[in-house]
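What follows is a set of notes on a single structure, which appears directly below.
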Amino acid sequence: IFVTRPPTAFFSTAPDSGCAVLQVDFMNASFGFETTYTWDFGNGDTSTLYDPGVIAFQQGTGDTIYYIRLTAQNLCATREWVDSVKVFPWPQVAFGINLDTICTGAFIAFSNTTLGKPESFFWDFGNGITSSDTVPYPVQFFTDTLYRTYNITLIATNFCGSDTAVYPVVVKPVDVRAFFNIPND
């Protein structure tokens, strides 16, 4: 008579948290006689290997927790172990402007749709004005007699890093009125 025990399911991760794209190494410490293993990494990836190796976890719009489930099964029973990894996002800069071509002296309004839990912002409007506001007040742009392009830059930063986006704005000069004078001689 051969008697065996139910399997034991257990694993550890290294690391258990970090910035995206987080590379996590899984160390399976499960054991049991003629045991099969099924991994669900919570990110759409699965494996049936005893040791799945390194798995990559992408970022979400904020801090993302992935729950990992290991199922160990043999003829006696099925056991599960669940653990998690936390992925911190990089900023993903996105902003909008209400107009991309204006006449001199006009104001441009801004929207900020940056993702990834940014901690700070730096706006450079290309005209000598900067801001650290999340959404700055409308900014006025000028030119003389020629068309001029200003590059508006937004940099967002968090502890994982920074990202930058640049949008051009074309400023048209005021209408020029031609006139001439003929001498009376």
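Yes/no matrix, rows are residues, columns are (1) in a loop (DSSP other than H, G, I, E, B); (2) under 30 Å from Gln23 (Cα atoms); (3) in contact with a Lys or Arg (Cβ under 9 Å, 6 or more places away or on another chain); (4) among the basic types (Lys, Arg):
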position: Cys76; (1), (2), (3), (4): yes, no, yes, no
position: Val87; (1), (2), (3), (4): no, yes, no, no
position: Leu99; (1), (2), (3), (4): yes, no, no, no
position: Pro136; (1), (2), (3), (4): yes, no, no, no
position: Phe142; (1), (2), (3), (4): yes, no, yes, no
For this session: Of all residues in the stretch 6-20, count the ones that are open to solvent by 70 Å² or more (accessible area, probe 1.4 Å) and over 15 Å from Arg79 (Cβ atoms).
Result: 1
For this session: Answer yes or no as to whether Thr130 is of a type in the set (Val, Ile, Thr), open to solvent by 50 Å² or more (accessible area, probe 1.4 Å) and modelled with pLDDT of 95 or more.
Result: yes
Exercise. Tally time: how many residues in the stretch 102-125 are in a loop (DSSP other than H, G, I, E, B) and under 25 Å from the mean Cα position of the chain (by Cα)?
Worked result: 8
For this session: Six or more apart or on different chains, Cβ under 8 Å: which pairs go from a residue in the stretch 5-33 that's in contact (Cβ under 8 Å) with a residue 24 or more places away in the chain to one that's among the basic types (Lys, Arg) and assigned to a loop (DSSP other than H, G, I, E, B)? Could you list them?
Result: Gly32/Arg5; Phe33/Arg5
Exercise. Any idea which residue in the stretch 117-126 is farthest from Ala20 (Cα to Cα), counting only those that are crowded, with 16+ Cβ neighbours inside 10 Å and at pLDDT 95 or above?
Worked result: Gly126
Problem set entry | From Ala109, Ala156, Ala165, residue being free of Cβ contacts under 8 Å to residues at least 40 places away in the same chain, surrounded by 13 or more Cβ atoms within 10 Å (Cβ to Cβ) and among the small types (Gly, Ala, Ser) | Ala109
For this session: Find all pairs meeting these conditions: Cβ atoms under 7 angstrom apart; at least six residues apart or on different chains; first residue within the stretch 44-58 and open to solvent by 70 Å² or more (accessible area, probe 1.4 Å); second residue at pLDDT below 95 and part of a loop (DSSP other than H, G, I, E, B).
Result: none
Problem set entry | Subset of the stretch 30-43 that is over 10 Å from Tyr66 (Cα atoms) and in a loop (DSSP other than H, G, I, E, B) - its residue that is least open to solvent (accessible area, probe 1.4 Å) | Ser30
Problem set entry | Qualifying position, being of a type outside the set (Ser, Thr, Tyr) and open to solvent by 50 Å² or more (accessible area, probe 1.4 Å), among Val139, Val82, Val87 | Val82
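The values are calculated or read from the model by the stated rules, or taken from the named source; none is laboratory data. As the structure is a prediction and not an experimental result, all values here were calculated from the model. As a convention, Cβ positions derive from the backbone with ideal geometry for all residues, glycine included, and neighbour counts pool all protein chains shown. What goes into the accessible areas is simple: the full protein's heavy atoms, side chains included, and nothing from ligands, DNA or RNA. Shrake-Rupley method; radii C 1.70, N 1.55, O 1.52, S 1.80 Å.
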